[in-house]
Amino acid sequence: MNPVRITVQAALHRRLPRGGALPEATPMQRKARLCFAAAATLLALLAGGCATTGLSDAQELALYRSHAGEPVKSFTLFGQLSGWVPLGDTALAVWTRPSEAFLLELPGRCLDLDVAPAITLTSQGSRVYAKFDQVLVLGGPPSRFRMPCRIDTIRPLDVKALRQAQKQLREARSTERAAQPAPDMEN
């Protein structure tokens, strides 16, 4: 399963703290932020293989469903998504902030969702509604026509519990790999 992806728009915009506007940064602060972002990106790329749980799409979707609350009609989306992860081609999780995420399930297949480099969501003002708004897959061949994918259900995710479950799965897989005997290289 892929680690959380950042949308094209989210990668180009800084996230705002609660309450709105960022205070003006000094040149030194901007340079420090840039260095931190570069280091974090490099670390994420190097650790990308470690970040996955090794589950199939169906297992990953079941994990997310087990950490999702009851369906809601809508959620607030100010600006852009902070991240997203495809869960096969009929569902995805979207992060509106690092500590707030939603499981979006679609009524059918969404072409290229599971391999898309970026997505965006339609919204009404600053709200995304089930049964009305859509997931738009971005990227890929320019001549490829994709239909918007209607959002069927929206369920809030318990992000803290989900991260804990993913951590436990990674640790279990790591322990499992460490317990396996080394391959015999003498032949």
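The values are calculated or read from the model by the stated rules, or taken from the named source; none is laboratory data. Please read all numbers here as calculations on a predicted model, not as lab measurements. Don't worry about glycine lacking a Cβ; one is built from the backbone with ideal geometry, like all the others, and counts go over all protein chains shown.
The residues of segment 88-115 that are hydrophobic (A, V, I, L, M, F, W, C) and touching a residue at least 60 places away in the same chain (Cβ under 8 Å), listed by number, are Ala93, Trp95, Ala101. For segment 99-108, the condition holds for no residue, the condition being that it is modelled with pLDDT of 95 or more, closer than 19 Å to Arg170 by Cβ, part of a loop (DSSP other than H, G, I, E, B) and of a type outside the set (A, V, I, L, M). Within segment 120-134, restricting attention to residues that are touching a Lys or Arg at 6+ places or on another chain (Cβ under 8 Å) and either assigned to a strand (DSSP E or B) or modelled with pLDDT under 90 (or both), the residue that is nearest to Val72 (Cα to Cα) is Tyr129.
Just to be sure before I move on: is Asp89 more than 18 Å from Val72 (Cβ to Cβ), within 21 Å of the chain's Cα centre (by Cα) and charged (D, E, K, R) in the structure I sent? When the stated conditions are applied, Asp89 passes them. It is to be established whether one or more residues within segment 111-119 are surrounded by fewer than 18 Cβ atoms within 10 Å (Cβ to Cβ), more than 16 Å from the chain's Cα centre (by Cα) and modelled with pLDDT under 95. Yes, because at least one residue in segment 111-119 is surrounded by fewer than 18 Cβ atoms within 10 Å (Cβ to Cβ), more than 16 Å from the chain's Cα centre (by Cα) and modelled with pLDDT under 95. Within segment 160-187, residues that are at pLDDT 75 or above and surrounded by 10 or more Cβ atoms within 10 Å (Cβ to Cβ) reach partners that are of a type outside the set (Asp, Glu) and part of a loop (DSSP other than H, G, I, E, B) with beta carbons closer than 6 Å, at six or more positions or on different chains, in the pairs Ala161/His67; Leu162/His67; Gln166/Thr53; Leu169/Thr53; Arg173/Gly54. If you filter segment 60-98 down to residues that are part of a loop (DSSP other than H, G, I, E, B) and in contact with an Asp or Glu (Cβ under 6 Å, 6 or more places away or on another chain), you find that the one that is farthest from Leu138 (Cα to Cα) is His67.
Could you grab me the full set of residues in segment 44-76 that are modelled with pLDDT under 60 and within 17 Å of the chain's Cα centre (by Cα)?
Initially, segment 44-76 is screened for residues modelled with pLDDT under 60, giving 44-53.
Once the filter is applied, which keeps residues that are modelled with pLDDT under 60 and within 17 Å of the chain's Cα centre (by Cα), segment 44-76 yields Ala44, Leu45, Ala47, Gly48, Gly49, Cys50, Ala51, Thr52, Thr53.
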